[in-house]
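Remarks on the structure that follows.
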Amino acid sequence: MNRKKKINQILKKKLKKKNAKLHKSNKPAYISKADRAKMELEQSEVGEESVESSPNNEGVDE
C-alpha cells in the first residue's frame, strides 16, 4: 500500500508540474523598487536631453 501511494504521489507531482508549465501567467514580471527608480531616472535623463536638443527651443530664449 505504501509503495502504491508513493508512486501515485510522484506521478501526480509530475503531472502538476507539466500542467503548470503549460499555463503561463499573464502577470508582468516583478521589478524591484531600486530598478524602478533607476529606470525612472534614466527616462528623465533621456527626456531632458530630447528637450534640450529639440530645434524648437533654439533661439527662443534670445
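The values are calculated or read from the model by the stated rules, or taken from the named source; none is laboratory data. Predicted model only: the values in this text are computed from it and were never measured. Counting neighbours? That spans all protein chains shown, and the Cβs are built from the backbone with ideal geometry, glycine included. Protein only, heavy atoms only, side chains kept; ligands, DNA and RNA dropped before computing areas. Shrake-Rupley method; radii C 1.70, N 1.55, O 1.52, S 1.80 Å.
For the range 16-40, give me each residue that is open to solvent by 100 Å² or more (accessible area, probe 1.4 Å) and either assigned to a helix (DSSP H, G or I) or of a type in the set (F, W, Y) (or both).
If we filter the range 16-40 for residues that are open to solvent by 100 Å² or more (accessible area, probe 1.4 Å), which is where we start, we get 16-18, 21-24, 26-28, 30, 33, 36, 38, 40.
Matches in the range 16-40: K16, K17, K18, K21, L22, Y30, K33, R36, K38, E40.
Are there any pairs with C-beta distances below 9 angstrom linking a residue in the range 43-55 that is part of a helix (DSSP H, G or I) to a residue that is at pLDDT below 65 and open to solvent by 70 Å² or more (accessible area, probe 1.4 Å), with the two at least 6 apart or on different chains, and if so which? If the second residue must be at pLDDT below 65 and open to solvent by 70 Å² or more (accessible area, probe 1.4 Å), the pairs left are V51/N57.
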